[in-house]
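Structure first, then comments.
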Ligand code: ADP
Ligand code: MG
């Protein structure tokens, strides 16, 4: 039976063949249903018109009413822009466009009353608005309250299809009787228990909300449906693939593990460490391949957990591999782990890009012979030339730097894929991990070893530099060490290196009686190691560096982390850097140096750092601010969910709720064969039929 929602959009009043083609091409709107689901991406409160004279401080998006006085083009080539002066009688503001210059000039003129909508930002002592939305002022529309703004392409705008056009079309469509009878894909009992708005009402309110309250209820309902359907899709995929990957059975916890636990443990494990080891023992004994993500904040003690997990593999006659993203980190793991391993007679070797040929050959031979139990290294250890006798477990530290292809290589190292333990200090919320990685199980070390003091974090501006140096000096006099970190990114490499070198000179001049080590990615490995070693052994008191020290380095005597141009770092990165201090028993400090003028968002972002030491909170904030698409690791997971309304980062609670509800639903209708289930299956199919079977990649 053909459904009303499948009706071709050309049958809608106001849409001729030309416009239909345009809507199809530009917005993928082909049917009535497509149009109804094309929701505004933002709502503006058009009940208030601000006065230019009242603009001050940080402003949100606001509405202004006034006229353009002048239009002037400036700049050349890629920097060409159009600048206009806009006034409302109380003052004037600059309006700037970087593209569509010609179109703007042809379509907007001086002397006409316009409504402008945008975010004023301070620029050189005055305010300007970049790329505002512009409507000709009409008295009746100005006071309409909440109004949806639709995302439109340039091409649509140049054919004068605006937000208002879409609003009119949707209004026409919603007036049809069938619009009140939309079929709801959600099971009735969920609609009841979760108090969800009926679908027709929710759809109407998404487009034409009466007020904020109604809009919020509608958004909740639509997000809920979107995430519930997604979870049904994911859970059914997991079920289909779960049985596929058989794993080596590590049936026993044997001699090495037990001896280490009884005789060589350097400190009592925390409760969280014990729990996580138990979880992995269970996985690896189950006959299914383990795919586990271990999340634990910086300094939570993941290394020893990884080591003890490798002992379980060894006790069952298998070899283990531990991979780290950088040479520094691999080396540090090797140093820590080989010391532990030596106590129980386990053979460990290090393989990196700079391992000499002879050593490399020896390692290859011992791997094949089975003489070597554990190989630690960088990417070098998954190269095709590296053959294990019997690889049973791979530990990957900092998973976000390992791509899917690299993991696939690992899988081919034995007749069955080895168990995989992925460790990360950049936690992502559990529900998001499950949603993004599908069948990856998640363990969390949510407890730090005893005696750690939270790092005190402060923000300081350039004029405070003297004071900052004085503080660092005090710490040095107390025998402590300090890191001073500079940003270095490729696009800006030349300038960044200059700043770094200048910083180094400054620090040397400021602290003439102390030794300063200097490390950046441009140094040869040997030189880098030498400098790091100077700092690690306490011969150097200050380490001026780029983010090469971000992961790994463990110098418990360091008590100060100064981060220059902190505004240029992401939150997770700042948290990682901060994790380099606070490793000893004394109070440690993290100082975020920034320029004085920060945007509202940047200030907010940095304030998160001063307010919490909890990596999970930091990660969640990071995601809220940047969106999960930007979070390292989520992109390469290869999953394109195409969520229209919900946001995996911001709607964590709904993600969890729908996860639980979807599990409960599938428990009684696993194959979606009831009448309600079939409706749901139809919806899943509509949205995800084109998805590749991605759930195996993690
Ligand atoms: P991360 O999780 O960041 O990799 P590490 O494994 O490097 O953390 O551990 C950080 C420090 O804490 C190391 O010096 C380690 O020896 C120490 N440590 C780990 N677990 C414990 C524990 N249970 N009790 C005391 N110290 C611990
Ligand atoms: Mg670590």
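The values are calculated or read from the model by the stated rules, or taken from the named source; none is laboratory data. Given the structure is predicted, the values throughout are model-derived calculations rather than measurements. When we count neighbours, we look across all protein chains shown, and the Cβ atoms used for this are built from the backbone with ideal geometry, even at glycine.
In segment 477-493, is there at least one residue being out of contact with any helix residue (DSSP H, G or I) (no Cβ under 8 Å at 6 or more places or on another chain), in contact (Cβ under 8 Å) with a residue 12 or more places away in the chain, assigned to a helix (DSSP H, G or I) and under 22 Å from residue 565 (Cα atoms)? So far as segment 477-493 goes, no, none of its residues is out of contact with any helix residue (DSSP H, G or I) (no Cβ under 8 Å at 6 or more places or on another chain), in contact (Cβ under 8 Å) with a residue 12 or more places away in the chain, assigned to a helix (DSSP H, G or I) and under 22 Å from residue 565 (Cα atoms). Taking the listed residues 551, 544, 485, the one that is at pLDDT below 85 and either crowded, with 19+ Cβ neighbours inside 10 Å or under 21 Å from residue 425 (Cβ atoms) (or both) is 551, with no other qualifying.
Evaluate segment 102-109: report whether one residue or more is in contact (Cβ under 8 Å) with a residue 40 or more places away in the chain, over 18 Å from residue 157 (Cβ atoms) and out of contact with any helix residue (DSSP H, G or I) (no Cβ under 6 Å at 6 or more places or on another chain). No, segment 102-109 contains no residue that is in contact (Cβ under 8 Å) with a residue 40 or more places away in the chain, over 18 Å from residue 157 (Cβ atoms) and out of contact with any helix residue (DSSP H, G or I) (no Cβ under 6 Å at 6 or more places or on another chain). For segment 175-207, a tally of residues being in a helix (DSSP H, G or I) and either more than 30 Å from residue 115 (Cα to Cα) or without any contact (Cβ under 8 Å) to a residue 60 or more places away in the chain (or both) returns 17. If I filter segment 427-446 for residues that are within 28 Å of residue 299 (Cβ to Cβ) and at pLDDT 90 or above, do I get at least one hit? Taking every residue of segment 427-446 in turn, at least one turns out to be within 28 Å of residue 299 (Cβ to Cβ) and at pLDDT 90 or above. Among the residues of segment 632-647, is there at least one that is modelled with pLDDT under 85 and touching a strand residue (DSSP E or B) at 6+ places or on another chain (Cβ under 8 Å)? Yes, segment 632-647 contains at least one residue that is modelled with pLDDT under 85 and touching a strand residue (DSSP E or B) at 6+ places or on another chain (Cβ under 8 Å). The residues listed here are 259, 278; of these, the one that is surrounded by fewer than 21 Cβ atoms within 10 Å (Cβ to Cβ), closer than 19 Å to residue 440 by Cβ and more than 9 Å from ligand 1 (Cβ to nearest atom) is 278.
Residue under question is residue 305, and the condition is that it be in contact with a helix residue (DSSP H, G or I) (Cβ under 8 Å, 6 or more places away or on another chain), farther than 30 Å from residue 455 by Cβ and in the same structural domain as residue 419 (by TED's automatic domain parsing); does it hold? It is false that residue 305 is in contact with a helix residue (DSSP H, G or I) (Cβ under 8 Å, 6 or more places away or on another chain), farther than 30 Å from residue 455 by Cβ and in the same structural domain as residue 419 (by TED's automatic domain parsing).
With the condition kept exactly as written, say whether any residue in segment 262-273 is more than 16 Å from ligand 2 (Cβ to nearest atom), within 30 Å of residue 454 (Cβ to Cβ) and surrounded by 15 or more Cβ atoms within 10 Å (Cβ to Cβ). No, because not a single residue in segment 262-273 is more than 16 Å from ligand 2 (Cβ to nearest atom), within 30 Å of residue 454 (Cβ to Cβ) and surrounded by 15 or more Cβ atoms within 10 Å (Cβ to Cβ).
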